[in-house]
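The values are calculated or read from the model by the stated rules, or taken from the named source; none is laboratory data. In this text, all values refer to a predicted model and were calculated from it rather than measured experimentally. Note: ideal-geometry Cβ built from the backbone for every residue, glycine included; neighbour counts use all protein chains shown. Ligands, DNA and RNA are stripped out before the accessible areas are found, and what is left, the full protein with its side chains, is counted by its heavy atoms. Shrake-Rupley method; radii C 1.70, N 1.55, O 1.52, S 1.80 Å.
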Amino acid sequence: MREDADLSQTQVAEQLGIDQRTYSNYETEKRSMPIKHYRKLALLYQTSVDYLVGLTDKPRPYPRKK
C-alpha cells in the first residue's frame, strides 16, 4: 500500500513517529508492529486494520458508528 500511495518508508515512518529503520523492520517482518501503528496506517491509507492484517479483502474502511 505504501508504494501504491507513492510514499517512502521515511514518509510513513514520520507519520508513525518512528525511525525509518524501525519501519523497514516492520515491512520485512523482522519485528512485529504494535497495534497503535496499525490504526495510524489504516487512517493514512483510508482502509481498515482488518484489511491491513489480511482478515478481509475489502479495502474500504468500515462505516463509523455515530
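Listing for the model above:
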{"read-out": "Complete set of residues in the range 18-66 that are open to solvent by less than 70 Å² (accessible area, probe 1.4 Å), closer than 17 Å to R2 by Cα and assigned to a loop (DSSP other than H, G, I, E, B)", "value": "I18, M33, T47, S48, G54, P59, P61"}
{"read-out": "Index of the failed condition, E3 passing every other in (1) exposed (fewer than 15 other Cβ atoms within 10 Å of the Cβ); (2) in a helix (DSSP H, G or I)", "value": "(2)"}
{"read-out": "Neighbours by Cβ (under 6 Å, 6+ apart or cross-chain): first from the range 2-26, more than 17 Å from Y45 (Cβ to Cβ); second open to solvent by 80 Å² or more (accessible area, probe 1.4 Å)", "value": "N25/R31"}
